[in-house]
Number of protein chains: 2
Amino acid sequence: MKKFQALLFLVLITFSCTNKKEEVLVSVDDQQHPNLILTTKSVAEIKNQLGSIPLFDETLKVAKQEVDAAIAIGIDVPMPKDMAGGYTHTQHKLNYANMQKAGVLFQLLGDEKYAVYVRDMLLEYAKIFPTFKTHPEQRSYATGKFFWQCLNDSNWLTYTSQAYDCIYSWLPKEQSDYLNENLFKPYADFLSVENPKYFNRVHNHSTWGNVAVGMIGLVMDDEELINRALYGLEKSDVDLTEKDNDGGFIFDKDGKAGFLANVDSPFSPDGFYTEGPYYQRYAMYPFLIFAEALQNKKPDLKIFEYKNGVLIKAVDALLNLTDANGEFFPLNDGQKGMSYYTPSLISAVDIAYYYGSQDARLLSVAKKQGAVQLDATGLKVALALKNGEEKPFIKQSMELSDGSKGDEGGIGILRYNNEDQTMALVYKYAAQGLSHGHYDKLSFSMYENGNEVLQDYGLSRFVNVEQKNGGGYLKENKTYAKHTIAHNTITQNEISHFDFDFETGSKNHPEKYVFDVADKNFQIVSAKEKNAYPGTEMHRTFIMIKEDSLAKPFIVDINKVQSNKKNQYDLPFHYFGQIISTSFTYSVPKTLSTLGDKFGYNHIWKEGSGTANAESIQFTWLDNRRFYTLTAATNKEDELILARVGANDPEFNLRKDPSIIIRKKNTQNTVYASIIESHGIYDPVKEVAENAYSNFKNIKVLSDDANYTALKVQFKNDNEKTIILSNLNTDKNKTHTVTINGNTYSWEGFYYYK
Amino acid sequence: MKKFQALLFLVLITFSCTNKKEEVLVSVDDQQHPNLILTTKSVAEIKNQLGSIPLFDETLKVAKQEVDAAIAIGIDVPMPKDMAGGYTHTQHKLNYANMQKAGVLFQLLGDEKYAVYVRDMLLEYAKIFPTFKTHPEQRSYATGKFFWQCLNDSNWLTYTSQAYDCIYSWLPKEQSDYLNENLFKPYADFLSVENPKYFNRVHNHSTWGNVAVGMIGLVMDDEELINRALYGLEKSDVDLTEKDNDGGFIFDKDGKAGFLANVDSPFSPDGFYTEGPYYQRYAMYPFLIFAEALQNKKPDLKIFEYKNGVLIKAVDALLNLTDANGEFFPLNDGQKGMSYYTPSLISAVDIAYYYGSQDARLLSVAKKQGAVQLDATGLKVALALKNGEEKPFIKQSMELSDGSKGDEGGIGILRYNNEDQTMALVYKYAAQGLSHGHYDKLSFSMYENGNEVLQDYGLSRFVNVEQKNGGGYLKENKTYAKHTIAHNTITQNEISHFDFDFETGSKNHPEKYVFDVADKNFQIVSAKEKNAYPGTEMHRTFIMIKEDSLAKPFIVDINKVQSNKKNQYDLPFHYFGQIISTSFTYSVPKTLSTLGDKFGYNHIWKEGSGTANAESIQFTWLDNRRFYTLTAATNKEDELILARVGANDPEFNLRKDPSIIIRKKNTQNTVYASIIESHGIYDPVKEVAENAYSNFKNIKVLSDDANYTALKVQFKNDNEKTIILSNLNTDKNKTHTVTINGNTYSWEGFYYYK
C-alpha cells in the first residue's frame, strides 16, 4: 500500500549536482512524515521486529529510560548565558539530544507523550527565540543564539530537525506553520545568511551549518534552504584574508561553499579528512546523517556515490585511524581519549554498513559500541549481529592520501598484529589540515597495544571543562602544542616549520616518496619535505622490520637532511615513563631553565644534557611496564638533551611530559638514523624484568649521498644487517649497484636489506 | 593401610615450644617422604581427584608446561656472577622454581623424568657448591653463595627443600647422603652459623633464613637444624648498634631470634606486620609454608594456633591492606603494583583457608588468582570453588594495630563501598616499621576504585631491574622517599620526623585516639603524635562522611598542632594529574629552584607559589578522568606551594609527581582543616564534564583549644554542618556542652556533627 502510494505521484523539483540545474524525481510519499532519517516504511519494518533484535532493543530501552527521566524532570529552556560546560549550554545540549530521542520513541513506540514533550519544548524555544539577538558571550567569530557559537546551534538544529520530522504529521498544521515561521526558518537564516563567515566556508563548522539548514529545509520541504545547504550562499564581497578563532581562513579562495563543497574539498579520495581524525569524527555525523536524509528524500542525488563513494570510504579511513582501543590518533588538534565509541561513530558505522557494501567487519565495531542508530541502518546492523555475521576488524597497514585529489601527501600507518599484540607507527606527511593543523611535517607517533609509546602531544584544551577557558582552546595550543618541537620531527634553528605561518603552511605539503607494505617483514614508508625550511630538504623513511630472532618488530627511522647552509637541527622523541639507562653521560642542572624563548621552546625545561661522545648512543626507558630503547647513530659532538614540558605555563595547562632531543649544531647535511624497539617487560607482581636490554649494539651510517643512504644495524648477537635506500628512484624493477667501503652491493628495487 | 602404618610406631623426639624442652610424639610415617608440604596421604588424595578439579588441574597443567619447557632447554647451573636482574641471578631463581614444581609433578604424575631433573640439577649444585666461598659481588651485609645476598639463597633452599623432599625416598640412600653432606647441611650452616648477622635477627630476611634452614632440617630429619630454625643461634658477642644495608639493626636488643621470635615480634595481634604490607607479602610465603611443614611433621607444635592464630589473621590483614585491584598499599618501603596475585599470596590464601576456618571469602580471592598451591590446601580450595562455595571478599573499614602487643599505634582504613564504586582512606599511625619504615607519622593516602588519588610515594627502587643499581634500593630512597615531605603529613621546620634518626624513630610511635566506624555515614579515625618533634604535639583526625545529598562520601581532615614554640609547618597533598583551578592566585618562576637543600626538600622543584589571602582556599584537579577538590581553611598569610619531585636526581630515579603544600610560617598552635572530595567525572568520548565543581563553599575553624576543636563546613547549596571534636576524652557516653560564638552545643560522645 505504502509502496503503491509512493509510486503513485511523482513531482518534478529542481536539483543540481554540479552547480548546473537538473530535474530529478521525488515521490510524493516523501511528504508523509517522518521521511528524514526514519521513514514511514522503516518505522513499519522496525515495529515488526521490536523485541527480537537485541542490540536495537537495548539501545531503544536506554533511550526510553533517558527520555522518561527527562520528561519526569520537566522542560527547561533557559535564556542563554553560559559558555561551554556551563549550565545553560549543557541544558540546551541535553534538550536537543532528548528531543531527537523522543521523536524516535514517538514513532517506534507510538506513545503520544513523547510527541507532546517535543512539541512543548519547541514551543518554549519558539517563545524565547525572537526575544534576543544573540548569545550574550561574544567570544566566537560567529556568535550563536542558544549557544556561544553558531556551531553548537547547528548541532541543535541538526538533531532537532529529526525530532520535528517525527512529530510533523502529528502536529496541527497551524502549529507547524507557527514553528516554521517563528523558530525554524529564522533560525536557518540566522545560521546562514546572517552568518556567512560561519556558513560559507570549507570547514567542519560550516559542514554542521550546511547540514543544520539542509535538514530543516528537508523537513519543511523548503527547496531554497536545501539548495543553500548544498551549494552555499552566493559569494559576495568577502575579505579573503579574514580568519576565525582558530586562525583558519574564513572564505575559500575559489569561492567553494556548501555541503557538496565540504565533501569535495577536505576529503581525499581515500576518505581522509584533512583536519585530522578528531575533527573528522566530529564532522562524520552531519556528513552522514544528512547523506542519509538526502538518500531518503532525494535518492536521485546518489549522495553515497558522490566522489566515488567517499563518504563510505571516510568511515573506513576513520576506523583505521585508531589505536588498538579504538581511540583516534591525535593528529593535529585532537583531544586524546576520543574514540569510535562516540555516538557519531555509532551512527557512521551503521550508515556505512547499510549504504555501503555491508562490510561484516563493521559489525564487530558495532558490537563493541554496544548500541545502534535507531533507524533502518541500525535495524540492519542489529539483525546482522543477531545472525552472527560479524568479522573481526583487524587494522592493516595502510596509506591514506591527503588533499582533495589525493596528491598532497598523506598518512602512512605501519602495523604489526600478532594475536592481541599490536604495534602501530603513524607517519604524518599530510598537508596543513586547515586551522586545526600542526606544524609537524614528517612527524610520527608510535603505539603498542593501544598505549602511546612515542606520543603526538595532541591539542592543549580541556573540551567542555568550563574552568579551563570555558572549555575552549588554551593559549598553549598556539604557543606549544602546534609547534614543531612538540612533535617527533626536526626543528631547524629553533624555528617551527614554515616559520609558524599558517598561510605558508597551507600552500605546501610533503611529497610521498614510497609506501610499500607488501613484505610484512619489511614495511616501508618514506616522504620528503622541501618547503618547511626554504633551502633545506628533509627526507624521512620509516621501516618496520620483523626478524625471526626477535619477538617483536623494530622500527628503523632514517631522517636525511640536506641544506644549502649550516644549521642547528633538533630531533625529539617524546617518550613516556622513566629513564632506565643511557649510554652517554650527562649532567643535570641545579636550577631549571627553558630550552629557548619562542616556538614552543619557551615551554620546555632542560632537565639534563650531555654529549654523545660516540658514534652511536642508546637510551632505554620503562613505560607502562615495558622496556623501550632508542639506538641512534650520532656524531661525537651531538648533544643529547633531556627535556620536559611545563615552563611558562602559569595556568598549568600543559602536561609535564618528557622527551629526549638529539641536537646537531652547525651542521649542513646529515642523516639521523635510529632504531626504536620495544624489547622487554617488567612485571611488578612477579618482580621480573624480562629482556630489559636492547637487542642492538648500534646503528651506523655507512654512507650518504644524493642517490643512496646506507646503514649498518648491529645486533647484540653479532649479526648485522645492511640497509641501503635509493633516495631518488622508487622503481621496483630498477637494478642498483653501489660500492661502499670497498664492498659492492647489487639489488633490484628501491631498497637493499641483507 | 597408610593410616595404620602412621599409627603403628611412635618415637619420642625432643621438642620445645617456649624455649623449654618438652617431649612430643611424632609418627614414624612422617619419615616416609614426601612429608613436608605434600605428604604421602595428600598425594594419594590428589591423585584420586585429578581431572575433576578445574583450578587445580589448570595450575598443574601450567606447571607441567613450564617444567617440560625447562627440561627441554636442559640444566643450567652457572657459576654465580651477576647482581639481581642479571643472567646468573635469574637462572638460579628459575632453577629453584622449576625444581620445586618438578618435585610436585613427580609426586602427582608419577613420571620419573621430573625426579631425574631435580636429582641432576641438585648434583650440579653439589658439584660447584664447595668450589667457591661466596658470590663474587660483595654488596650485601650478608653476601650469599649462588646469589649476591643470603636472602636469595634462602629462597633457593626453601623451595628446593620441597623438591628434595619429593624425590628423597626415590633417591638411593648414598645419593641423598651425598647431597646432605656436600650441599644441604653446609648450605644450611652457611646461612646460619656462618652468617649470624643475617640469621639471628627479627626481620623478614631472617625469617627466610630460619625457614630455609628449618625446611631442609625437616627434610633431613636434622633436629639440630630444626631447633636452630625455631629458636635461632646462641646469642654470642654481638655489636647491638650494627646495621644492615637498609639501615636496620642487625641484632635484637632482647636477644630474640629464630622463626618463633619472628612470629612473636613483628606481627601485631591483628596480624599486621610492622614492616608494612609489601614486606609482609614477601614474608608470608616462608611463614606459612614452614608452618604447613611444621603442621605436617610436628603437629603437636600447633603452629597455626601460635599467638592466638596470628599467622591466619595475618593473611586476612594482608588482603585488607589492598586497593580495589588487590594491590598492596605501599606503606613504608613498598613497590607499587605488587598485589595479591603474587604466588606467595596464592600459597597464603590456600593455607589460610585450609588451616583456618574455611573462610568462603578467601575462595573468591583464590578464584581471581586463578591458581592454587599444588598440595592438600590447594586441593581443598579447588574443590570448594568447584562446589561454588565462594563469597565475595568485600573489604570493610578496619583498624590493624601495630606492635607485638598491639599497643604501638596502627593503621586505620576507612572504606566506602557502593556496588563497584569504592573509596578508601588509609591512615598510618603505626610504629617505625624496622629498617623499611618511613618517617611519616600521621600520614595518609586515598584511593578511588583502585586508583591512587593522594599517594604514598612508596619506595625508590626498581626491584630486579639490573640497570638501576642492580635492582637494589636507590639512594633516593633515603634522600627522598623515606622523608616526611614525601608523605601527606606535616613537616616542621623542613626537618623530617625524629630528625630522620632511625634509633629515635624506632623507640616511638603515635598513640591511637579513636577508631569508630559504627556509623557508616560518619566513620572516624584519630591519632596523636608527640615525639616526632619534641615539644610539638600533632593530633590528626580523618572523618569519612556520607551525606544523602552527595553521591560519594567526602573526607574531613583535621590536623591540630600545638607546640612550645613558633615553627614553620608544611602539609603537602600529593595528588596526580592536572590542575583545573585554584581559588588563590599564584605566580610561576622563570627558572625552577628546589624547595630546600635537605630532608627531601632538595628533590622538590618549586613550580609556583601564592598566598591564601582568604580564610579558605580551593584547589581542583583532574586525574584519571575524575575531578577532585581540596577545600582548606587557611590563614590569610598561609603560603600555597605548587611543587614537583625531580630535582637533584642525576639518574632520573624519581617519578616527577606533583603536590600542593600548605605552608604556615612562624606559627605555634594551629589547626589544618581540609575537605577532600571526589566530585565529578570527565568523559573524553562524550566530552562531558559532570560535576566539575566542588560541592563545598568552604571549611572554617570556629574554635580550637585543648579540649575541643570546632569546624564549620559550608556546602554550595548553603547547607552547613558543624563538627566539634573532643580532644581529650573519647568516652562514648560522656556529655559535653560547649559555647562557641554565643551558640551552645550539647551532645554525648566524642564528636558533634549536625
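Values quoted throughout were computed directly from the atomic coordinates according to the rules given, and no laboratory measurement underlies them. Quick caveat: nothing in here was measured; it's all calculated off a predicted structure. Virtual Cβ from ideal backbone geometry, glycine too; neighbours counted across all protein chains shown.
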### Query
If the limit is 30 Å between Cα atoms, which of A:LYS468/B:LYS482; A:LYS81/A:LYS478; B:LYS664/B:LYS716 go over it?
A:LYS468/B:LYS482
### Message
Using a 7 Å offset from the Cα along the Cα-to-Cβ direction at both B:ASP264 and B:ILE75, what is the distance between the two label points in nm, to one decimal?
### Response
4.2
### Task
Rounding to the nearest 20 debye, state how big the charge dipole of the protein assembly as shown is about its Cα centre with +1 on each Lys and Arg Cβ and -1 on each Asp and Glu Cβ.
820
### Task
Sort shortest first the distances from A:LYS478 to its counterpart in every other copy, using label points 7 Å along the Cα-to-beta-carbon line, and give them in nm.
5.3
### Summary
With DSSP loop assignment and no more than 15 other C-beta atoms within 10 Å, the GluC sites (Glu not before Pro) in the stretch B:613-703 are B:GLU615, B:GLU637
### Query
With θ set to phi - 60° and the Karplus curve 6.51 cos²θ - 1.76 cosθ + 1.60, what are the ³J(HN,Hα) couplings of the stretch A:164-180 in order, to the nearest whole Hz, using x for Gly and Pro?
5, 4, 5, 10, 4, 6, 7, 6, x, 4, 5, 6, 5, 4, 4, 5, 4
### Task
Among A:GLN107, A:ASN204, B:TYR306, flag the residue with its Cα farthest along the positive direction of the charge dipole of the protein assembly as shown, charges on Cβ as +1 for Lys/Arg and -1 for Asp/Glu.
A:ASN204
### Selection of chymotrypsin sites (Phe, Trp or Tyr not before Pro), the stretch A:100-142, meeting DSSP coil and at most 16 other Cβ within 10 Å
A:PHE132
### Message
My understanding is that a pair violates if its Cα-Cα distance is over 32 Å; which of A:LYS336/A:LYS528; A:LYS565/B:LYS606; A:LYS145/A:LYS256 do that in this structure?
### Response
A:LYS565/B:LYS606
### Task
Between copies, how far apart are the B:LYS590 label points? List them in nm, one decimal, shortest first, with each point 7 Å from Cα toward Cβ, please?
1.9
### Task
Neighbouring Cβ atoms within 10 Å as the yardstick, rank B:ARG281, B:ARG139 fewest first.
B:ARG139, B:ARG281
### Task
State whether the stretch B:398-753 is rounded, prolate or oblate according to the following rule on the C-alpha gyration tensor (a ≥ b ≥ c being the square roots of its eigenvalues): a/c under 1.5 gives rounded; otherwise a/b larger than b/c gives prolate, and the remaining case gives oblate.
rounded
### Query
Mean residue ellipticity at 222 nm from the helices of chain A, using -39,500 (n - 2.57) per DSSP H segment of n ≥ 4 over the full residue count, to the nearest 500 deg cm²/dmol?
-9000 deg cm²/dmol
### Task
Determine the distance separating the Cα centre of the stretch B:314-329 from the Cα centre of the stretch A:469-492; give it in Å without decimals.
43
### Task
Grab the eigenvalues of the alpha-carbon gyration tensor for the stretch B:75-265, scale each by 5, take roots, and send me the semi-axes largest first in whole angstrom.
29, 19, 13
#### Entry: the protein assembly as shown pair-distance distribution - Cα-Cα, 20 Å bins, rounded %
9, 30, 35, 22, 5, 0
### Inter-chain shielding of A:586-596 (mean C-beta neighbours from other protein chains, 10 Å cut-off)
4
## Note on the structure
Distances in nm between the label point of A:LYS391 (7 Å along Cα→Cβ) and its equivalents in the other copies, shortest first, are 5.2
### Task
Mind running the shape call on the stretch B:225-353? Use the C-alpha gyration tensor, a ≥ b ≥ c as the square roots of the eigenvalues: rounded below 1.5 for a/c, prolate if a/b tops b/c, oblate otherwise.
oblate
### Message
Nearest 10 degrees is fine. How inclined is helix A:343-355 to the longest principal axis of chain A, computing both from alpha carbons?
### Response
80
### Task
Give the Cα extents of chain B along the principal axes, in whole Å, largest first.
89, 58, 52
### Task
Take A:ASN635, project a point 7 Å from its Cα along the Cβ direction, then tell me which residues of the stretch A:564-589 have their backbone nitrogen under 15 Å from it.
A:564-571
### Task
With label points built 7 Å along Cα→Cβ from the Cα atoms of A:ILE681 and B:THR131, find their separation and express it in nm.
3.4
### Task
Bin width 5 Å, alpha-carbon pairs only: give the P(r) of the stretch A:436-488 as whole percents, running from 0 to the bin holding the largest distance.
5, 20, 23, 18, 18, 12, 4
### Size of electric dipole in the stretch B:75-265: Cβ of Lys, Arg +1 and of Asp, Glu -1, about Cα centre, debye, nearest 20
420
#### Entry: Total charge dipole magnitude, chain A, about the Cα centre, Cβ charges on Lys, Arg, Asp, Glu only, Debye to nearest 20
1080
## Note on the structure
Charge dipole of chain B built from unit charges on the beta carbon (Lys, Arg +1; Asp, Glu -1), centred at mean Cα; most positive-end Cα among B:ILE485, B:THR322, B:VAL62 is B:ILE485
### Query
Any idea which of A:GLN369, A:HIS736, B:ASN648 is furthest toward the positive side of the dipole for the protein assembly as shown, if Lys and Arg beta-carbons carry +1 and Asp and Glu beta-carbons -1?
B:ASN648
### Query
Hey, got the average number of other protein chain Cβ atoms within 10 angstrom for residues in B:646-657?
5
### Task
Please give the direction-averaged projected area of the C-alpha convex hull for the stretch A:62-151, in square nanometres with one decimal.
6.0
### Task
Lys and Arg at +1, Asp and Glu at -1: add these up for the other residues within a Cβ distance under 15 Å of A:LEU50 and post the number.
0
### Summary
Measuring from the longest principal axis of the C-alpha atoms of chain B, the long axis of helix B:112-128 (C-alpha) lies at a number of degrees, nearest 10, equal to 80
### Message
What is the distance in Å between the Cα centroid of the stretch A:168-185 and that of the stretch B:136-208?
### Response
90
### Task
On a C-alpha basis, how far is the centre of the stretch A:215-287 from the centre of the stretch B:530-583 in Å? Whole number, if you could?
55
